[in-house]
1. Per the Kirkwood formula on distinct C-alpha pairs, the Rh of the protein assembly as shown is how many angstrom?
2. Let me make sure I get this right: for region B:58-121, a, b and c are the square roots of the gyration tensor eigenvalues over alpha carbons, sorted descending. Under 1.5 in a/c it's rounded, otherwise prolate if a/b > b/c, else oblate. Which is it?
3. Which whole-Hz couplings ³J(HN,Hα) result when phi for each residue of region A:34-42 is put into the Karplus expression 6.51 cos²θ - 1.76 cosθ + 1.60, θ = phi - 60°, listed in order with x for Gly and Pro?
4. Could you tell me which GluC sites (Glu not before Pro) in region B:1-89 are loop residues by DSSP with no more than 16 other beta carbons within 10 angstrom of their beta carbon?
5. To the nearest whole number, what is the average tally of beta carbon atoms from other chains within 10 Å of the beta carbons of peptide A:81-88?
6. Please list, in chain and number order, the residues 5+ apart from residue A:89 or on another chain whose amide H is under 5 Å from its amide H, with Hs placed from the backbone.
7. Which of the residue pairs B:15/B:104; B:156/B:204; B:45/B:204; B:45/B:153 have a Cα-Cα distance greater than 20 Å in the structure shown?
8. Applying a 10 Å radius around every beta-carbon, put A:89-102, B:193-206 in order of their mean neighbour count, most first.
Amino acid sequence: MHELSICASVVDSVTESLAAYPGARVVEVRLRVGALAAVIEDSLQFCYGIATEGTPLQGSRLVVHILPVTVHCLFCEQDGRLESLRSFQCPHCGAPVTDVRQGRELEIESIEIEDAPEDVKA
Amino acid sequence: MTTRIVELRQGILKKNDELARELRARFTAAGVLVLNLVSSPGTGKTAFLERTLTELRGRGSRVAALVGDLETDNDARRLASSGAPVRQINTHGICHLEAEMVGKHLSGWEGVELAGLDYLFIENVGNLVCPSSYDLGERIRVALLSVTEGEDKPLKYPTLFNSADAAVVTKMDIAEAVGFEREAALRNIRAIRPGIRVFETSAKTGAGMQEWLDYLADERGVRRA
């Protein structure tokens, strides 16, 4: 269960970024998570509520975009998408593949913020 | 109320990744080969490491170990019997080691200088999921699996096995008694990580240790930038 650690890192990063937008409220945080990242979305959602409590992210939505695993095959030189994580084989020619091009991502893609009302900013 | 999107496009574990990069540069500069040992609880990481440390010392190598544990220092005390310097990292409930913990425990480690070491082993917290996300600056990540765990474990934890550089099967001395299906286990490991080196070992009898120690020596001989 390292989803709580991951959510805590998200809170830290987003809070740092918010310094450029004084008074702004976070509406939504969008993550890109690879299917090989060993992160469970349900656990992320559960931990997000706990990790954001009492922070500028409290009450915001968490949107998780799961990225499939794609590999590059050294034999047929094509890229392909793995349908199953139980076998690292090229989907085109069946050769074993070790070159993972996508699927390990753990990224904050973007945040949606609502700017502070003018009188608060001033 | 209008809202707007701010693109961030940054790694969630950016801080850990940056620290791990710094550690890796330090390890390379010091000429020490660093390994990160990962497995489930009960696989026998500590027994395997104890034997590895003892045998490496017997060959005249300079070795040390950092040992992650949720609360106790039992493993560190066991490993210290090898005569190698061992330092405990208590994570206090965190289920994996992070680069920052490694960095902290390297500083002020009495009698241990990175430049004076040939090998540094990092025994991760027993867990096959969470440690896979955290780079510790190691050069070799070792996934361990015991003969009692079920041959399909690599299929259940593809992230960890796919990110490993070497795999070690432990407790081979009881393989027959527990009906270990060797071919299936090797097939599953290689399905997830084609081409990976697999060592079949017993810390009790010493079986397979020679091959493992030779591999370590070879890897140390290969200096990579």
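Throughout, read-outs are computed from the coordinates displayed, never taken from laboratory work. Predicted model, so just to flag it, every value in this text is computed and none were measured. Here the Cβ is made from the backbone with ideal geometry for all residues, glycine too, and neighbour counts use every protein chain on show.
1. After inverting the mean inverse Cα-Cα distance, the result is 21.8 Å.
2. Judged from the Cα gyration tensor, region B:58-121 comes out oblate (a/c at least 1.5, b/c at or above a/b).
3. Working through the residues one at a time gives x, 5, 9, 7, 6, 10, 9, 4, 4 Hz.
4. Those satisfying the criteria are B:71.
5. Average neighbour count from other chains, rounded to a whole number: 4.
6. Sorted by chain and number, the residues that satisfy this are A:97.
7. Working: B:15/B:104 14 Å; B:156/B:204 27 Å; B:45/B:204 12 Å; B:45/B:153 16 Å.
Among B:15/B:104; B:156/B:204; B:45/B:204; B:45/B:153, the Cα-Cα distance tops 20 Å for B:156/B:204.
8. Values: A:89-102: 15.9, B:193-206: 17.4.
The packing order, highest mean first, is B:193-206, A:89-102.
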